[in-house]
Amino acid sequence: MPILKSAFDLPAGRLLALDLGRVRIGVAVSDEQGILATPLTVVQRRSRAEDFAALAELVRRERVVGVLAGLPLDSQGEVGPQAQLARRYGGRLAVTLPVPLAFWDESYSSVDAAELLRQSGGRVPIDAAAAAVILTSFLEARRAGNPQSEISHP
């Protein structure tokens, strides 16, 4: 499926969010109403083929209608080397998925996730918590009709 120009073009319904790391991919899922984001799992990266197969299986198993991938912008909100890697990975992943993919600014998601884990006693892996933070940020912006954190994909 394609990479959408706007995350707000993702269909309404259950969404999967990804915190793309070099070693692990944190995964979170929303409810069908787009209100709650819940940490789901962590995919240990092995090879691109294995990673994509695992993520496609999660898309099918969780019956999601779209995937939101975190984009790690630099401190000025620009697309730096890390974000370029995430865009490339997301672009390759998108063609293997049966649902559309969009990017969302993940700035400070790991910091917010660490604070959330500290408050909750740390029962969830940090990567999955970071994915839930990314997804929560998007869901709140979507409900508010606020594209402030939106990332356009050229």
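The values are calculated or read from the model by the stated rules, or taken from the named source; none is laboratory data. Everything numeric here is computed off the predicted structure, so don't read it as measured data. All Cβ positions, glycine included, derive from the backbone under ideal geometry; neighbour counts span all protein chains shown.
Consider the range 91-111 and keep the residues that are among the small types (G, A, S) and within 17 Å of D127 (Cα to Cα). The one that is surrounded by the most Cβ atoms within 10 Å (Cβ to Cβ) is S109.
Taking L4, is it crowded, with 23+ Cβ neighbours inside 10 Å and not β-branched (V, I, T)?
Working: crowded, with 23+ Cβ neighbours inside 10 Å: no; not β-branched (V, I, T): yes.
It is false that L4 is crowded, with 23+ Cβ neighbours inside 10 Å and not β-branched (V, I, T).
S107 fulfils the conditions (1) within 15 Å of the chain's Cα centre (by Cα); (2) at pLDDT 95 or above; (3) in a loop (DSSP other than H, G, I, E, B) except for a single criterion, (2).
Looking at the range 68-76, is at least one residue touching a residue at least 60 places away in the same chain (Cβ under 8 Å), within 17 Å of I134 (Cα to Cα) and among the acidic types (D, E)?
Quick first cut of the range 68-76, residues touching a residue at least 60 places away in the same chain (Cβ under 8 Å) only: 68, 70-71, 73.
Those left that are additionally within 17 Å of I134 (Cα to Cα): 68, 70-71, 73.
Checking the rest, the ones that are also among the acidic types (D, E) come to none.
No, that holds for no residue.
Of all the listed residues (D74, D31), the sole one being within 15 Å of the chain's Cα centre (by Cα), surrounded by fewer than 15 Cβ atoms within 10 Å (Cβ to Cβ), closer than 18 Å to S137 by Cβ and not aromatic (F, W, Y) is D31. Criterion applied to A37, A94 was being touching a helix residue (DSSP H, G or I) at 6+ places or on another chain (Cβ under 9 Å), touching a residue at least 40 places away in the same chain (Cβ under 8 Å) and farther than 12 Å from L20 by Cβ, and the one residue passing it is A37.
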